[in-house]
1. I need the phi-derived Karplus couplings for the stretch 44-49: 6.51 cos²θ - 1.76 cosθ + 1.60, θ = phi - 60°, integer Hz, Gly and Pro marked x.
2. What are the aspartates and glutamates whose alpha-carbon lies under 20 Å from the alpha-carbon of LYS11, with same-chain residues fewer than 8 places away excluded?
3. Give me the net charge of ILE164's neighbourhood, meaning all other residues with Cβ under 13 Å from the Cβ of ILE164; Lys, Arg count +1, Asp, Glu -1.
4. In the chain, if every C-alpha pair distance is counted and binned at 5 Å from zero, what percent goes to each bin?
5. Could you order peptides 74-82, 134-142 by the average number of other Cβ atoms within 10 Å of their residues, highest first?
6. Before rounding to the nearest 500, sum -39500 (n - 2.57) across all DSSP H runs of length at least 4 in the chain and divide by the residue total; then give [θ] at 222 nm in deg cm²/dmol.
7. In the stretch 47-182, how many lysine pairs have Cα atoms under 29 Å apart, counting only pairs 8 or more places apart or on different chains?
8. Compute the Rg/Rh shape ratio of the stretch 1-109: radius of gyration over Kirkwood radius, all on alpha-carbon atoms.
Amino acid sequence: MNTDFKGAMSKRTDEELIKIVTVGRNDYQPLAVEAAEQEIKNRGIDTTTIEQVKIDLTTEIEEQEEFETKKVSSGTRFIHFIVDSIIWLIIAAILTYPLNANDGNQMLLGYVILFLSFIGYYSLMETKYQKTIGKFITHTSVVTKNGAKPEVGDIVRRTFCRLIPFDRVSFLFTHNGFHDKLSDTTIIKD
């Protein structure tokens, strides 16, 4: 069994080995940790390097934990859904009001307007402000999984993913809804 760990550890990077023997020690079997320690000795990695990598890893873990605490709850996401749906429907109603519902061509135009107003509302608001009206109310913002401002492509992908059936309720069953998972974005408190 130790041979298996030895082979596995020989394929790891220096940083991965240091993580195994320091901050990730409890996540591995004792034989795996021993094999990692031996591989560090074989490579001649000095204690200064080990300490610096350990500090960097600890800082990264702390920043990730802090970021995780900023993520919003499903209840807040539900408020976004209600508020933004109302705003979008008001915009769509204003834009489609002049159309005659008895005319087939104008009815088709109405559906196109509904679709474009949906895409436009979310894309424009989240691209320009990183938030929609619902997110303004709850003091939250859209960010990428690493906490950065999303690119336009991320927002467009996020918006089109909202059209997936059951996306609107997916955040009730998972921490991030389909449109978050597929666009690598999330919502955090400001």
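Just so it is clear, none of the values below were taken in a lab; they were calculated from the coordinates. Everything numeric here is computed off the predicted structure, so don't read it as measured data. All Cβ positions, even for glycine, are placed from backbone atoms using ideal geometry, and neighbour counts span all protein chains on display.
1. For the stretch 44-49, the Karplus-derived couplings read x, 6, 7, 5, 4, 5 Hz, x marking Gly and Pro.
2. Cross-link targets: ASP27, GLU34, GLU37, GLU39, ASP46.
3. On the way: positive: ARG157, ARG158, ARG162, ARG168, LYS181; negative: ASP167, ASP180.
In short, +3.
4. 1, 7, 12, 14, 11, 9, 8, 9, 8, 6, 5, 3, 3, 2, 1, 0, 0
5. Working: 74-82: 16.4, 134-142: 19.1.
Descending mean neighbour count gives 134-142, 74-82.
6. On the way: 10 runs with 128 residues, N = 190.
Counting only the DSSP helices, I get -21500 deg cm²/dmol.
7. 27
8. Working: Rg = 28.2 Å, Rh = 18.9 Å.
Result: Rg/Rh = 1.49.
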